[in-house]
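*Asks:* Here it is, the structure, as structure tokens.
The values are calculated or read from the model by the stated rules, or taken from the named source; none is laboratory data. These figures come from a predicted structure and were not determined experimentally. Cβ sites come from the backbone with ideal geometry, for glycine too, and all protein chains shown count toward neighbours. In case anyone asks, the SASA skips ligands and DNA or RNA and just uses the protein heavy atoms, side chains included. Shrake-Rupley method; radii C 1.70, N 1.55, O 1.52, S 1.80 Å.
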Amino acid sequence: MQIRSRILAGMMLFLLLSGCAKGSTISGYDQSWLAADAREGLQAAWERDYRLLSIVAGNINRLRSSDQPAWILGKATGALEAFIYTEEQEYQRLDENRNISVEIKKELVTPGLLSQLLQTRAVLTHIKQDIFEPWSQSLLTNQALTVEQEKTIEQTKELLQKLTDIYEKLADEWEKMNGSQRQELVQELGQVQEQLQKLSYPRKG
């Protein structure tokens, strides 16, 4: 509800400014207000995404020791779906906002980060369909996993943990990072996404 209220407030401010200052540029004060609002929205989105990824990674990491692995994987899948089906309003809103200067956007997010964040949903959709769903079927039917399937599952676990760690840094450390550290994190996110996209659950036979 708070995020929705901020969005509505931002839209109302934009309409007010557009109506009262036709053809004029938005003032520095208003730029700062819009930037602060966007930063707050990003923080909330990063914290939400990190929380969901933590549930995914945490459950699949303890799956092997559970006596109900299919149920544990179901919890991980539920969190994965929550991530996939959550609208990325804050990322898109900042990306499309023409009333925040390019310079201020660069202060908020390193170039390339927004497109990478928006790509995560597609990557996790692939993981759900090509890894989690066939893996779940194997667990439900008590099928022994092949060596190749075990290897793919371990790679999935490791990469999802890396993805979770990246979102933790976004949520907790972004403001403390310098420019080069931020750029490295963006590159790391792209590399992890690329590796996840290449994974495929091996079929028997």
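*Asks:* For the stretch 113-184, which fully contained helices (runs of 4 or more DSSP H) count at least 3 residues that are under 29 Å from GLU103 (Cα atoms)?
*Replies:* Output list reads 113-127, 147-173.
*Asks:* Given the criteria at pLDDT 95 or above, open to solvent by 10 Å² or more (accessible area, probe 1.4 Å), of a type in the set (Lys, Arg) and out of contact with any helix residue (DSSP H, G or I) (no Cβ under 7 Å at 6 or more places or on another chain), does LYS151 qualify?
*Replies:* yes
*Asks:* Return yes when GLN183 is of a type in the set (S, T, N, Q) and within 15 Å of GLN116 (Cβ to Cβ) and no when it is not.
*Replies:* So GLN183 passes the test.
*Asks:* Moving on. Check whether at least one residue in the stretch 78-97 is more than 18 Å from GLN155 (Cβ to Cβ), open to solvent by 30 Å² or more (accessible area, probe 1.4 Å), in contact (Cβ under 8 Å) with a residue 60 or more places away in the chain and of a type in the set (Asp, Glu), and report yes or no.
*Replies:* no
Per-residue answers, yes or no, for (1) touching a residue at least 24 places away in the same chain (Cβ under 8 Å); (2) out of contact with any strand residue (DSSP E or B) (no Cβ under 7 Å at 6 or more places or on another chain); (3) of a type in the set (Lys, Arg); (4) farther than 25 Å from GLN68 by Cα:
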| residue | (1), (2), (3), (4) |
| --- | --- |
| LYS106 | no, yes, yes, yes |
| GLY112 | yes, yes, no, yes |
| THR125 | yes, yes, no, no |
| GLN137 | no, yes, no, no |
| GLU150 | no, yes, no, no |
| GLN155 | yes, yes, no, no |
| LYS169 | no, yes, yes, yes |
| GLU175 | no, yes, no, yes |
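*Asks:* Considering the stretch 29-74 alone, what residues qualify as being modelled with pLDDT under 95 and open to solvent by 50 Å² or more (accessible area, probe 1.4 Å)?
*Replies:* The answer is TYR29, SER32, TRP33, ALA36, GLU40, ASN61, ARG62, ARG64, SER65, ASP67, GLN68, TRP71.
*Asks:* Shifting gears a bit: Can you tell me which residue in the stretch 99-120 is modelled with the highest pLDDT, limited to those that are hydrophobic (A, V, I, L, M, F, W, C) and open to solvent by 40 Å² or more (accessible area, probe 1.4 Å)?
*Replies:* Among them, the one singled out is LEU118.
*Asks:* Hey, can you tell me all the residues within the stretch 94-112 that are part of a helix (DSSP H, G or I) and either among the hydrophobic types (A, V, I, L, M, F, W, C) or closer than 21 Å to MET177 by Cβ (or both)?
*Replies:* Correct list: LEU94, ASP95, VAL102, GLU103, ILE104, LYS105, LYS106, GLU107, LEU108.
*Asks:* Please find, among GLY41, GLY112, the residue that is of a type outside the set (S, T, N, Q) and at positive phi.
*Replies:* Every option except GLY112 fails the conditions.
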